[in-house]
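Below you'll find the structure, written out as structure tokens, and then a few comments.
The values are calculated or read from the model by the stated rules, or taken from the named source; none is laboratory data. Since we're looking at a predicted model, the values are computed, not measured. Neighbour counts run over all protein chains shown; Cβ positions are idealised from the backbone, glycine included. The area values use the complete protein model at the heavy-atom level, side chains included, leaving out ligands, DNA and RNA. Shrake-Rupley method; radii C 1.70, N 1.55, O 1.52, S 1.80 Å.
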Amino acid sequence: MTAKNSLTPQKQRTRFVFIAGILILMAGLLFTRLGHYALWDDEAGTALVAKGILRTGDTSVILDHGNICAYRSGIDIRDFCDRGMPPLSPYVTAASFLLFGVNAWAARLPYALLGLATVGLILFWARRERWLVLLVLSLGLLGNVSLILFLRQGRYYALTIFLSVAIAFVYWHGKATPRNLLILAGLSILLFLSNYLNYLALYVCLAVDYILWKRKEWPFSWGKVLLLFGPQILLNGLAASIWNPFLTQHGGYETKSSLFDRFILFYWYWRDMNASEFMAIPLVFLALGFSLAQRRLWLVRGCVISVIYIMVVAFIAPQVVDVLKEADIRYTSPVIPLDIALETGAICLVFQHRSVLAILLALIVFGTNLLNGGPLLDCGFRSTLVSYIGELIHPVPEPYTPTANWINEHVPEGASIWVEPGYAPYPLMFHAPRALYAWQLMWPPRPDFAHLPIIYFAGQKPPDYLITFGPWLDVVMKGMQLWNRPDARYTLVTTIPVFWKDCYRPELIWHKFEPIRNFDLQKQAVYIFQRVAPPPK
């Protein structure tokens with residue numbers, strides 16, 4: 001897609017109205033029922049650290065009502081602050097809490113706004129293209145439910161997607177002026193503070209693109225290097241001296257994977273990105289073929305960047321192959337806009353003189369999962385956009401809201417609760433904060449945790465309540481039987497009749513658009529036990 005000549009004022013107004021209409025439609029998809037679902041575990045982790053920021057100004061994990069946010073036994077904690085994760089996302093969330101209150105809607109609002117800004121920037125980028133290109137691109141943006149879901153989460157995804165698109169925009173269009181280089185430096189610093197992995201992957205892509213193509217437009221000079229990287233080295237280095245996973249126990253996590261495991265992950269990323277409809281792989285190959293045959297350089301560059309980005313993520317992402325059998329595709333969400341652009345380019349090249357056929361193909365590609373192998377996937381053939389709109393009209397039941405409501409209504413303030421699985425306490429900690437969430441840390445304690453109350457350490461003191469989600473029921477009950485303490489006897493006080501899993505995450509490989517019915521209430525619900533008084537001696 002190449003820029004066209006300047007448009008007449010009338011044509012500019014027509015395109016402005018069209019783009020405004022697309023943004024209104026996208027706003028409806030992004031903001032409808034934004035706060036309906038409880039925060040799931042990663043969102044809750046960001047929101048809880050944001051609450052710590054409101055209290056201390058730093059990414060403190062010490063919360064109100066005596067709680068701490070110590071996911072995976074405090075793997076990211078140093079000096080009782082979250083030092084393993086980049087800080088921008090919780091600070092953005094904290095600002096939203098300060099303005100709009102502490103709730104799920106406020107936790108997601110700034111990211112949905114950034115999502116809308118991302119779509120606006122992409123459409124602004126394409127504003128001078130042929131109408132066919134603009135129409136197909138708009139269908140791609142509105143029809144990519146993965147993009148929409150990632151943009152409305154209370155997590156760093158919208159930040160990294162917006163900043164990646166903004167950096168690409170300046171890099172593609174701008175000249176190597178001091179102003180543009182400083183803008184790139186500023187955007188890059190924000191991306192680094194959003195997610196280190198996405199920053200590294202993007203800069204590897206930019207380095208490859210510069211060496212192969214861009215260096216003729218931006219001739220190398222040490223002055224330009226200083227302007228672009230000087231501020232980044234200074235500020236990113238300062239941030240990395242504080243928020244650094246390698247200065248916490250998180251640092252060695254990714255070293256558990258072998259080189260062979262990384263090749264497996266590379267395949268998994270393509271498999272799961274396709275199943276999640278990031279792109280239609282056959283169309284991306286078509287784009288590459290046409291770009292080579294017709295010497296469409298921007299398409300070649302886009303395909304190369306997409307492959308390199310995924311490769312970098314697969315080889316350095318903190319994922320252990322033996323833990324999950326799906327790729328952590330959230331790390332590759334910034335390539336979705338690029339993939340939509342590549343698909344748009346392929347469609348418009350194939351049917352550049354047959355607009356009706358191009359629009360029909362776009363409706364199939366972006367409106368269904370047919371080219372993703374829909375009939376062969378577990379979800380079957382569907383229009384994911386129609387399914388998503390159906391979910392907005394009739395949201396699916398989820399486990400955290402009714403469980404948090406029960407805690408708020410029945411559990412006395414300060415009573416202790418052990419929640420399994422290990423990621424499930426954090427949504428409850430956010431939505432039902434008056435209880436004390438026990439057994440987050442392993443025994444024996446780390447030296448810096450040694451002074452904490454014993455209730456935080458697994459197996460040391462019986463909690464007042466047990467809450468188990470689905471298949472963890474058997475694990476918890478067997479563990480309690482083996483413990484065999486007279487003061488650790490429990491009785492089931494209620495079963496919450498909802499399917500136990502959080503099926504509203506943004507990854508389509510895990511997302512469910514319709515309620516899961518006919519599940520086993522004895523094994524797949526939420527179970528709450530209360531400790532009974534020990535028998536008198």
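A 1.4 Å probe, protein heavy atoms only, puts the accessible area of Phe285 near 140 Å². Could you work out the percent of alpha carbon pairs in segment 425-470 separated by over 12 Å, rounded to a whole number? Of the Cα pairs, 65 percent sit more than 12 Å apart.
Near His394: Cβ cut-off under 12 Å, other residues only, Lys/Arg at +1 and Asp/Glu at -1. The net charge is -1.
Of the solvent-accessible surface of the chain, computed with a 1.4 Å probe over protein heavy atoms with every protein chain present, carbon and sulfur atoms account for 66 percent.
Counting heavy atoms of the protein chains alone, His410 has an accessible area of about 100 Å² for a 1.4 Å probe.
What's the local net charge at Arg382, with K and R +1, D and E -1, over the other residues with C-beta under 14 Å away?
Numbers: positive: Lys512; negative: Glu277, Asp378, Glu391, Glu514.
Around Arg382, the charge tally is -3.
Ordered from largest to smallest accessible area (heavy atoms of protein chains, 1.4 Å probe), the residues Lys175, Lys501 come out as Lys175, Lys501. Toward the positive end of the charge dipole of the chain, with +1 on the Cβ of Lys and Arg and -1 on the Cβ of Asp and Glu, the farthest Cα among Tyr465, Thr384, Phe124 is that of Phe124. Spherically averaged projected area of the convex hull of Cα atoms, segment 359-498: 13.0 nm².
Percent antiparallel among DSSP beta bridges with both residues in the chain, to the nearest 5?
Working: 16 of 23 bridges.
Antiparallel: roughly 70 percent of the beta bridges in the chain.
Over segment 199-332, the alpha carbon radius of gyration divided by the compact-protein estimate 2.2 N^0.38 Å works out to 1.26.
Tell me, what is the per residue accessible area of the chain in Å², probe radius 1.4 Å?
Numbers: 23600 Å² over 537 residues.
Roughly 44 Å² per residue, with all protein chains present.
Of the chymotrypsin sites (Phe, Trp or Tyr not before Pro) found in segment 375-440, the ones in coil according to DSSP and having at most 14 other Cβ atoms within 10 Å of their Cβ are Phe381.
Within the chain, the longest run free of GluC sites (Glu not before Pro) that sit in a DSSP loop with at most 13 other Cβ atoms within 10 Å is 1-216. Candidate cross-link partners of Lys175 among the aspartates and glutamates, defined by an alpha-carbon separation under 17 Å and a same-chain spacing of 8 or more, comprise Asp209, Glu217. Note on segment 310-421: the alpha carbon radius of gyration divided by the globular reference 2.2 N^0.38 Å gives 1.62.
For segment 1-73, would you read off the P(r) tail past 16 Å as a percentage of all alpha carbon pairs?
Working: 1829 of 2628 pairs.
Here the tail beyond 16 Å accounts for 70 percent of pairs.
Taking Cβ atoms as reference points and 14 Å as the exclusive limit, the residues near Ala435 contribute a net charge of -2, counting Lys and Arg as +1 and Asp and Glu as -1. Computed log10 I(q)/I(0) for the chain at 0.07 Å⁻¹: -0.43, from the Debye equation with unit scatterers placed on every C-alpha and solvent omitted.
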